[in-house]
1. How large, in Å, is the range 473-524 by the Kirkwood hydrodynamic radius built from its alpha-carbon pairs?
2. Please calculate how many Å² of accessible area the range 78-164 carries per residue, with a 1.4 Å probe and no DNA, RNA or ligand atoms counted.
3. Find the relative contact order for the range 329-483 and round it to a whole percent, using C-alpha pairs within less than 8 Å whose residues are 6+ positions apart.
4. Rounded, prolate or oblate: pick one for the range 392-467, where a ≥ b ≥ c are the square roots of the eigenvalues of its C-alpha gyration tensor, a/c under 1.5 means rounded, and failing that, prolate if a/b is larger than b/c, else oblate.
5. How large is Rg over Rh for the range 595-667, taking Rg from the Cα atoms and Rh as the Kirkwood inverse mean of 1/r across Cα pairs?
6. Apply the a/c threshold of 1.5 to the C-alpha gyration tensor of the range 258-404 and tell me whether it is rounded, prolate or oblate.
7. Hey, got the dipole for the chain? About the Cα centre, +1 on K and R Cβ, -1 on D and E Cβ, debye to the nearest 20?
8. Checking the a/c ratio against 1.5 first, then a/b against b/c, what shape does the Cα gyration tensor give for the range 441-563?
Amino acid sequence: MVVCRLVSHPDDVNTLKIRVAAKAAGVDLKLDAPNGNSPIIPEMYIGDRVIRYVNAILRCVGRIFDGGDMYGNSFIESSQVDAWLDWTEMEFGSPEPPHVEAALEKLEKHLESRTFLVGQRYTIADASLSCSLYHLQKSGKVAQALSQATQRWLGTCTAHEAFKSYASAVASPQGGRQVAAPTIGSSVAAVVASDADLSACYSSAVGGRIRIKKILAAGETLIGRTVSVCGWVRTMRDQKAVMFLELTDGSGPGGLQVVLDPAVTGYDTLKGRCGTGASVKCIGKIVKSPAAKQPVELLLKDSDDSVMLFGGVDAAEYPLAKAKTSMEYLRTIGHLRPRATIIGCVARVRNALAHATHEFFRQKEFLYVHTPLITAADCEGAGEMFQVTTLLGEAEEKGLPRGEGNKIDYSKDFFSKPSFLTVSGQLSVENYCCSLSNVYTFGPTFRAENSHTSRHLAEFWMIEPELAFADIQDDMDCAEDYLKFCVRYAMEHNRADLEFFERQVEKGLIARLENLLAEPFQRLTYTEAIDILIKESKKAKFKVPVEWGMDLGSEHERYLAEKIYKKPTVLYNYPKGIKAFYMRLNDDEKTVAAMDVLAPGIGEVIGGSQREERLDVLDRRITEMGLEPKDYWWYRDLRRFGTVPHAGFGLGFERLIMLTTGIENIRDVIPYPRYPGHAEF
């Protein structure tokens, strides 16, 4: 253990912060009071080295001495710890904090789905902020009753052994009296184990329950507490004298080990029916686990403990055996595959990324617009669309209605014209962009492409923002900001799920995601990219030869992102012949202001462009693409009546999930995949 000397007032809150952090980091810190009673800046001495100011000392303690990630376990987490240290000093560093309510509101929102400020572990940021709030509570500057998530977090921090070792030494500014550190049974720390905080909402049918994720997060602070959990059996071992269940409820990838004594109420109902997949309710006490895998387990042994079997399982018939099953097999049992750990992790990450999407655009003041699923316009000009018609109902008896030239008479159809499931909401959302400025749509889209690859679906979800008074540069900036926001959100809220993918799907996943966040994306023109790929062709041995004007394939895109730049790469200014009619024609008349974001491991994840705002040029492009200008009369009107420069992009939501999880087949990141020949469930 390293020995250091701290010169600081013993009853100062900054001293408490440093001593708590040092204790947690394993630093033997000798405290010396300064000469006299005048205020002094804290100083820490390490041999001949002197570190001054509280945050500098905390960073030194976290960076140099700790082997347990007190300063975060990655570059990204360390930067977040830094940000929280600075925020704490700014918001709570003065004796009379001016914006306490606003600061606490922000803190509450941040902690709603977190155990600690950064990552999954107690850091120097938690030590600093918890000491500040504790001190302000004792001085009456902050209310004793905090909001739920903040109270839970503060209870967790003040229950830490490092905090309990020193908190009693801090004097309140009101009268200089000594205040004791709260214990597990006191009002602050007990919040960690309060029923109101831990209980799952809407669970009165089972008498209340606690989600397993919260038990694992609270860990040893719950030891001795009687809890009720409900879930499905992942594994079962019956050793006659005792039964072991691993229980999961979908709240996280981790399961809770349940140890059942044969004498416990309800035990007899489990015999022969409590294999993998069975559903149970267990009431017992949280005890310290002898296994290193998890800190606690649930013991059912006392007379007031019990187990209830909701639904038994015949192990011989259950489709999901304990052994690892293939992703292909899981697709054949879509009604049960969410019980597979990997699909549960995908579902939680998908949920988080959807939430992140809405949160990003809300913060940037975009409006969410619901665009139609049924359309008469082909946004991409691709022609690979699912047709929507009611004519087939009577076709067998009466035949299809025919008109001039024996063509189908769609005037007799439901919409009186050929109609389709949309391939994009872009054209519709542009209408709102040109009236309400920045908008976005997020919904399902469809494409009747007879593709059986691991990258295509017939039904998929798209995020499509439109930016008014913006050009291609703004578009690229927004795309990069959005992608980083979503990945960062998943890193902060779904760390356990990502760690599962790191172990089971892609080694190095978290490092790849951190690299995505660490620096700006590379940007270069399509023409520059073609020149590079031609030079690399001999070494790369591309299956498709590279030439200007081609639509780059996945092998080309991934080579640029993975081999050349080793980070997300944005290409822009593509040949007009391979892009859609609505993309703005550049001055060279050969290229359009289009851009694609290419990511390592995936290839293209985002495609966008500056939109063509000039009516004459738009009409020319529509005609060149073989489309009818009259079918886009309303789209043309936007250029006739108050046209503005605007831009936007589209992101396939499933591609984003693949990027974030490392899953390689797009069929495994959507709940019910639709592709040629498959529309089950």
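The values are calculated or read from the model by the stated rules, or taken from the named source; none is laboratory data. Nothing here was measured: the structure is a model prediction, and the numbers come from that model. Using ideal geometry, Cβ is built from the backbone for each residue, glycine included, and neighbour counts are taken over all protein chains shown. The area values use the complete protein model at the heavy-atom level, side chains included, leaving out ligands, DNA and RNA. Shrake-Rupley method; radii C 1.70, N 1.55, O 1.52, S 1.80 Å.
1. About 12.0 Å for the range 473-524.
2. Dividing the accessible area of the range 78-164 by its residue count gives 39 Å².
3. In percent, rounded to a whole number, it is 23.
4. oblate
5. Rg/Rh: 1.15.
6. Note, shape of the range 258-404 comes out prolate.
7. Here the chain has a charge dipole of around 1940 debye.
8. Because its axes are fairly even, with a/c under 1.5, the range 441-563 counts as rounded.
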